[in-house]
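Note sheet for the following structure.
The values are calculated or read from the model by the stated rules, or taken from the named source; none is laboratory data. Just so it is clear, the model here is predicted, and its values are computed rather than measured. We place every Cβ from the backbone using ideal geometry, glycine too, and count neighbours over all the protein chains shown.
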Amino acid sequence: MRVVLLSDTHGFVAPFIKEMTRVADYVVHAGDIGGLSVLESIRPDNGELIAVKGNNDPPGKWPDDNSTGLVDLAESVQVDLPGGMLAVEHGHRIWDTRHYHQRLRAKYPAARAIVYGHTHIRCCDCTQAPWVLNPGAAGQERTKGGASCMLLDADATGWQITEYRSGEISPSQSVAA
């Protein structure tokens with residue numbers, strides 16, 4: 001199963017990420033979306049789109065918001081995937097930024113991995129379970145070197161994370177377990 005992980009689009013999605021999402025089984029957006037048009041642009045052709053709202057997704061902020069759009073998104077979700085559960089939240093409610101990963105692991109101990117956004121800093125912390133993943137910013141704002149996302153390949157026997165950043169010809173890092 002191919003799962004594209006992204007966050008912090010703020011109204012724009014890098015073209016290479018849009019292309020990746022078309023063929024995904026799941027696309028998971030960890031908040032700060034920037035409008036319903038962003039969600040439509042990353043909807044997989046034959047898969048499922050899962051999104052949570054971030055601190056920049058309050059009612060009425062984006063021009064194409066409505067009562068059946070961003071307003072209805074959950075603050076967090078848990079997704080059952082082959083080989084384990086993926087927890088997703090934006091992360092803006094964890095005020096202790098020095099201990100983000102520790103606090104997320106305590107909040108979702110049954111997860112195999114936790115995806116969050118908010119910081120715009122791409123991070124793949126697979127040093128302990130559950131993994132803590134931040135795909136970075138997939139848009140144009142504060143990308144810290146280019147728009148980025150992650151690809152999770154999941155099956156019952158193992159998960160593998162591959163990191164992508166715009167301007168790089170090949171994935172920047174791959175971790176398996």
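Of note:
- Test: residue in the range 12-24 that is at positive phi, of a type outside the set (D, E, K, R) and either part of a helix (DSSP H, G or I) or in contact (Cβ under 8 Å) with a residue 12 or more places away in the chain (or both): no
- Among residues of the range 88-141, those that are free of Cβ contacts under 8 Å to residues at least 40 places away in the same chain, touching a Leu at 6+ places or on another chain (Cβ under 8 Å) and of a type in the set (Lys, Arg), counted: 0
- Unique residue being of a type in the set (Val, Ile, Thr) and buried (at least 20 other Cβ atoms within 10 Å of the Cβ) when the list is Val27, Val23: Val27
- Against the numbered list (1) closer than 21 Å to Glu89 by Cβ; (2) not in a loop (DSSP other than H, G, I, E, B), Gly54 comes up short only at (2).
- Total residues in the range 91-125 satisfying the condition of being over 17 Å from Lys144 (Cβ atoms) and surrounded by 16 or more Cβ atoms within 10 Å (Cβ to Cβ): the figure is 12.
For (1) modelled with pLDDT under 95; (2) surrounded by 20 or more Cβ atoms within 10 Å (Cβ to Cβ); (3) of a type outside the set (Ser, Thr, Tyr), each residue gets a yes or a no:
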site	(1), (2), (3)
Glu40	yes, no, yes
Asp45	no, no, yes
Leu49	no, no, yes
Lys53	yes, yes, yes
Pro58	yes, no, yes
Asp65	yes, no, yes
Asp80	no, no, yes
Ala87	no, yes, yes
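- Residues that are surrounded by fewer than 17 Cβ atoms within 10 Å (Cβ to Cβ) and acidic (Asp, Glu) within the range 1-20 comprise just one, Glu19.
- The lone exception for Gly145 - which of (1) modelled with pLDDT of 90 or more; (2) assigned to a loop (DSSP other than H, G, I, E, B); (3) farther than 22 Å from Asp80 by Cβ it fails: (1)
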